[in-house]
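S.K.: Can you keep this structure in mind? I'll have questions shortly.
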Amino acid sequence: MRIATITNWAYGATVCLTLASGVVMLLASNADNAERQAVEQRQIFDRLTGEVETDAWSLSDLIRLYVVNKDPNALKEYQQKRQSLKAIEHRLSRLKDNGATGEELALLHEGLQGVDELLDEQQAALTSMARGNTSQAIALLYGKSYEQELERVQDQIDNFRQMLDSRAHTAIEHATQTSRTLRTLSEVMVGLTALLFLFVLGFILKRRVLRPVVRLSDVVHRLASQDYAVETPNFNQIDEIGDMAQAIRVFRENGLVRQRLEKERDADWAIRELLARMTQRLQGCENFADVINVAQLFAPNIAPGISGQLYILDRDPVQMRCVARWLTHGENPASFHPDECWAVRRGQSHPPVNGEPDIACYHLPESAANQSLCVPLIAQGEAIGLLSFQNIAPESAPSRAYLELMAEALGLALANQRLRDALLEKALYDPLTGLRNRHHLEDKMQTLMSQALRNNEPMSCLMIDIDHFKSINDRFGHEAGDQVIKSVAAIIQRAVHDNGIAFRYGGEEFLALLNGIGEEGAHACATEIYEGVRALSLRYGLAEIGPVDVSIGIASYPKHAQSDNLLRAADVALYRAKELGRSRIVSFGMLEAG
């Protein structure tokens, strides 16, 4: 008899015993549920009847207190508890839905009728009180009939509880006994199932399984530890052991294939993680140098053993310039025109298919043309750079898609840097004069002032205004005014030079911060600006614009102002220069002396 036949019979018997055991366990569970329901029903009835009993006595005490002391608070509390007692009586009247017997409900109904009679007598006492007959109210509430009715209500509720306790106790004992019997039967069935299983297992091990299974087990353990070099035993008998041996051989062959695929997958995931990390680092780059450093670090790891170069497209002159390279020796490759690269021309990787003949890019040496790949860096449909790879072997090269993803990430980072530099230029510099604008003044002021405080050095501020600039605009037009502003800005920039920073403060106003220079040096710089402007000879078309003058206010730290009001002091000095007739230099120290 085949082992499968024996095990099938044993399996059928085991299933039957297991199902029977499950059914018995369900019955035992139902018995437990019945026990819990009986306990819960007892608790519900006991709680509700207890509330009725408590409220009945409490109402009697409150109405008596009101009759004797005429306390309105006692009457108010009595009325509230009476409403609560009515709600409890309504719930007790619905206890039939919770499984109360007819006899129990009849007894409980008599008790509730007694409570209602007590309430009627209490209402009659309130009516007497309302008529001013206090003695009659006291006689009603303290009379013998009232006390007997109160005791009768107490006895009926107690009898209801005793009857309920007796029934609940009987139900619990019955449910407990049933549950115990069913659990015992279930345990017996489980024991029979275990014995049958052990019998079948011992029979199979004793007859035909032990020796080949031990050998196969050793092979399986080694295969489980991914030791696919193990040789599988050759069991050719036509039974389950032979089938198992054949399955293990197939498993070993599949394992070898899976091991190879897992290595490829791990390498693939490693490249993906490198690409993701490179993309994250590129997002944190602050300038082109950061982007180039990231490319030089990650490219050799994403494409190991493959040399490459990173080119950036320059606009003036138009050329591809190598800014980074890896795994190469010698000097940087020469720059070339974008049209010399087919990848830049086509906007796609070139050559498109590895191993098939295609035209080589003209910028590549002939020796490397057959093992090269060029990937353009595209941003917003425009080529801004190039990745060029050499020494690509088909068996060791990463997927072309990863090289293109690397190129895409680098292209986006370079485009972002270009856009960022352009926006920074517009945000920090005045487009007309080339001077820094007012938006940059606050940050630079804080930096220079911190440096002056740290080094205990002076610092000066020049506030410069072109005199009668509105009349120039009115007589010659805004283009002539712009020419005047540019000329004055150039003089200020030359005078400040390496000693500080010049700003266009707004309109025809300029500002210069002189780091490490006191009042005397600032006055010398202001004099140079003043004389340089006066020496200007400006023409607009055929018209002579005429002489241009400036008013300059000077303030120095720490002589004239503290760190937080240096600009204010310079502005006050400039305002004083305008009050005195313009075309002059006024230091804040002159105001203090005056």
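S.K.: Roughly how many percent of the accessible protein surface of the chain is carbon and sulfur, given a 1.4 Å probe and a whole-percent answer?
M.R.: Working: 17710 of 33370 Å².
Exposed carbon and sulfur together represent 53 percent of the surface.
S.K.: Sort TYR146, TYR575 from largest to smallest accessible area, using a 1.4 Å probe on the heavy atoms of the protein chains.
M.R.: On the way: TYR146 0, TYR575 140 Å².
If we order TYR146, TYR575 from most to least accessible, we get TYR575, TYR146.
S.K.: A further question on this structure: For GLN319, enumerate residues with amide H under 5 Å from its amide H, sequence gap 5+ or separate chain, H modeled in the peptide plane.
M.R.: ASP314
S.K.: Another one. Below 8 Å between Cα atoms, with a sequence gap of 6+, how large is the relative contact order for region 356-450 in percent? Write out the running numbers ahead of the final one.
M.R.: Working: 72 pairs, mean separation 17.8, N = 95.
Once divided by the residue count of region 356-450, the mean separation gives 19 percent.
S.K.: Using alpha-carbon pairs under 8 Å, 6+ residues apart, how would you state the relative contact order of the chain in percent?
M.R.: On the way: 718 pairs, mean separation 49.6, N = 594.
Worked out over the chain, it gives 8 percent.
S.K.: I would also like to ask the following. Modelled label-to-label distance, LYS444 and GLU382, 7 Å Cα→beta-carbon offset: nm?
M.R.: About 2.8 nm, to one decimal.
S.K.: Rounded to the nearest whole Å², what accessible area per residue is found for the chain with the 1.4 Å probe? Write down the numbers at each step before the final one.
M.R.: Working: 33370 Å² over 594 residues.
Solvent-accessible surface per residue comes out at 56 Å².
S.K.: Oh, and also: To the nearest 0.05, how large is the calculated FRET efficiency for GLU77 and GLN177 if R₀ is 56 Å and r is the Cβ-Cβ distance? Don't skip to the end; give the middle numbers.
M.R.: Working: r = 49 Å, r/R0 = 0.88.
Between GLU77 and GLN177 the formula returns 0.70.
S.K.: Run the simple label-point estimate for ALA106 and GLN259 please: 7 Å along Cα→C-beta, distance reported in nm.
M.R.: Placing both labels 7 Å beyond Cα along the Cβ direction yields 8.7 nm.
S.K.: Still on this model: Scan (i) 24.7; (ii) 25.5; (iii) 37.8 for the value of Kirkwood radius over Cα pairs in Å calculated from this model and give just the label.
M.R.: Only one option fits the structure, namely (iii).
S.K.: Roughly how many Å is it from the Cα centre of region 449-490 to that of region 524-549, as a whole number?
M.R.: Value for the Cα centre distance between the two parts: 13 Å.
S.K.: Which of the DSSP-defined H helices in the chain satisfy a minimum axial length of 24 Å, computed from C-alpha atoms, and a minimum mean Kyte-Doolittle hydropathy of 0.0?
M.R.: Working: long enough: 3-69 (96 Å, 0.26); 72-92 (30 Å, -1.39); 102-131 (43 Å, -0.18); 144-204 (89 Å, -0.08); 240-283 (61 Å, -0.71); 400-428 (41 Å, 0.30); 438-455 (26 Å, -1.18); 478-496 (27 Å, 0.34).
Passing helices, by number: 3-69, 400-428, 478-496.
S.K.: Separation of region 404-436 and region 272-337 by C-alpha centroid, Å?
M.R.: 18
S.K.: Something else: How far apart, in nm, are two points set 7 Å out from the Cα along the Cα-to-Cβ line at ASP120 and at ASP266?
M.R.: 9.3
S.K.: Using a Förster distance of 51 Å, how high is the FRET efficiency between HIS169 and ASN69, based on the Cβ-Cβ distance and rounded to 0.05? Present the calculation step by step, with values, prior to reporting the outcome.
M.R.: Numbers: r = 46 Å, r/R0 = 0.89.
The formula returns an efficiency of 0.65 here.
The values are calculated or read from the model by the stated rules, or taken from the named source; none is laboratory data. All of these numbers come straight from a predicted model, not from anything done at the bench. Methodologically, a virtual Cβ is constructed for each residue, glycine included, from the backbone with ideal geometry; neighbour enumeration extends over all protein chains shown. Calculation scope for accessible area: heavy atoms of the full protein, side chains included, ligands and nucleic acids excluded. Shrake-Rupley method; radii C 1.70, N 1.55, O 1.52, S 1.80 Å.
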